[in-house]
Amino acid sequence: KEKVKITKEQQALMKVVVEAYNRHQIPQDVAKKLLQEQYSEEENFLLLTEMATSQVQVLVEFTKNIPGFLSLNHEDQIALLKGSAVEAMFLRSAQVFSRKMPNGHTEVLEERIRKSGISEEFMTPMFNFYKSIGELHMMQEEQALLTAIAILTPDRPYVKDQQAVERLQEPMLDVLRKLCVLQHPQEPQYFARLLGRLTELRTLNHYHAEMLTSWRMNDHKFTPLLCEIWDVE
Ligand SMILES: O=C(NC1CCCCC1)[C@H](C1CCCCC1)n1c(-c2ccc(-c3nnn[nH]3)cc2)nc2ccccc21
């Protein structure tokens, strides 16, 4: 059985990505707010748009720190950001949801989200995803690399130079695969399970437009940044 070894360059790549991921965190903690009180549907929708807007700004800063991203064709940079913004939001939401919390807090958080105003039909796929991410007990290195891998998906709509994106995604997949082998020796399928989450994320992408309009309230107001990135209004 060949000894898996992370090279110096791979260590450096991982360090850059993890530091960028940790540096650009969401300012306020939405879970804390939700645990404090049950808001109205309008307040929850406003909270979502505020959190999602700041998360997009965080996503852009993180993406700029992915080695090689800024040397991609500019239109392709936009296509990759637009193509991955919703997935990055749900991935981050899943990480917020699966964070270790005092006893009973996760149940309260789930209840608050179930009653937030999102229509019932989306609860199952959304919470299935959150729980499947939670079960993986991902390390922050894995979270950071998985987010970078999702952003660097070559077959997003309108990407012209897919090869250039593949050349950036492959080294990330390589170092994540090695990390999984080293961190989860008893679980040879762990890396495959991680990548399977990216497939599940894509299905949430499809639901997203309907989820947005399904919030039980009359006028859904978005920020200019969300109109751009979510293709709404
Ligand atoms: O604020 C949030 N998520 C931010 C987390 C950090 C990154 C940016 C998004 C929302 C809450 C908003 C207020 C009402 C309750 C949900 N949220 C969601 C969530 C719910 C519905 C949609 C959605 N998309 N389109 N229609 N509805 C998106 C995300 N899942 C969460 C799991 C744990 C904690 C918060 C969570």
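Would you confirm whether or not segment 22-37 contains a residue that is open to solvent by less than 10 Å² (accessible area, probe 1.4 Å), of a type outside the set (Gly, Ala, Ser) and in a helix (DSSP H, G or I)? No, every residue in segment 22-37 fails to be open to solvent by less than 10 Å² (accessible area, probe 1.4 Å), of a type outside the set (Gly, Ala, Ser) and in a helix (DSSP H, G or I).
Remark: pairs (first residue in segment 10-34, on the phi < 0 side of the Ramachandran plot and of a type in the set (Gly, Ala, Ser); second residue modelled with pLDDT of 90 or more and open to solvent by less than 20 Å² (accessible area, probe 1.4 Å); Cβ separation under 9 Å; 6+ apart in sequence or on different chains) = Ala20/Phe62; Ala20/Thr63; Ala20/Ile66; Ala20/Ala144; Ala20/Ala148; Ala31/Phe97; Ala31/Leu109.
Of the residues making up segment 55-64, not a single one is near the ligand (Cβ under 10 Å from one of its atoms), within 20 Å of the chain's Cα centre (by Cα) and either farther than 17 Å from Ile151 by Cα or open to solvent by 50 Å² or more (accessible area, probe 1.4 Å) (or both).
Take the conditions without any contact (Cβ under 8 Å) to a residue 24 or more places away in the chain and exposed (fewer than 13 other Cβ atoms within 10 Å of the Cβ) and apply them to Lys115. Does it pass? Judged against the criteria, Lys115 is not a match. Scanning segment 116-144 for residues that are within 13 Å of the ligand (Cβ to nearest atom) and not in a helix (DSSP H, G or I) yields Ser116, Gly117, Ile118, Ser119. The condition of being assigned to a helix (DSSP H, G or I), near the ligand (Cβ under 9 Å from one of its atoms) and either touching a residue at least 12 places away in the same chain (Cβ under 8 Å) or exposed (fewer than 15 other Cβ atoms within 10 Å of the Cβ) (or both) holds for only one of Ala79, Ala52, Ala85, that being Ala52.
Taking Thr147 as the residue in question, decide whether it is assigned to a loop (DSSP other than H, G, I, E, B) and under 19 Å from the mean Cα position of the chain (by Cα). Walk me through how you get there before you give the answer.
Numbers: assigned to a loop (DSSP other than H, G, I, E, B): no; under 19 Å from the mean Cα position of the chain (by Cα): yes.
Spelling it out, it is not the case that Thr147 is assigned to a loop (DSSP other than H, G, I, E, B) and under 19 Å from the mean Cα position of the chain (by Cα).
Beta carbons closer than 6 Å, at least 6 apart along the sequence or on distinct chains, pair a first residue in segment 208-233 that is open to solvent by 100 Å² or more (accessible area, probe 1.4 Å) with a second that is in a loop (DSSP other than H, G, I, E, B) for Arg216/Gly117; Glu233/Phe222.
The values are calculated or read from the model by the stated rules, or taken from the named source; none is laboratory data. Here the structure is a predicted model, which is why all the values come from computation and not from measurement. Cβ coordinates were reconstructed from backbone atoms using ideal geometry, including for glycine residues, and neighbour counts include every protein chain displayed. These area figures cover heavy atoms from the full protein model, side chains too; ligands, DNA and RNA do not enter into them. Shrake-Rupley method; radii C 1.70, N 1.55, O 1.52, S 1.80 Å.
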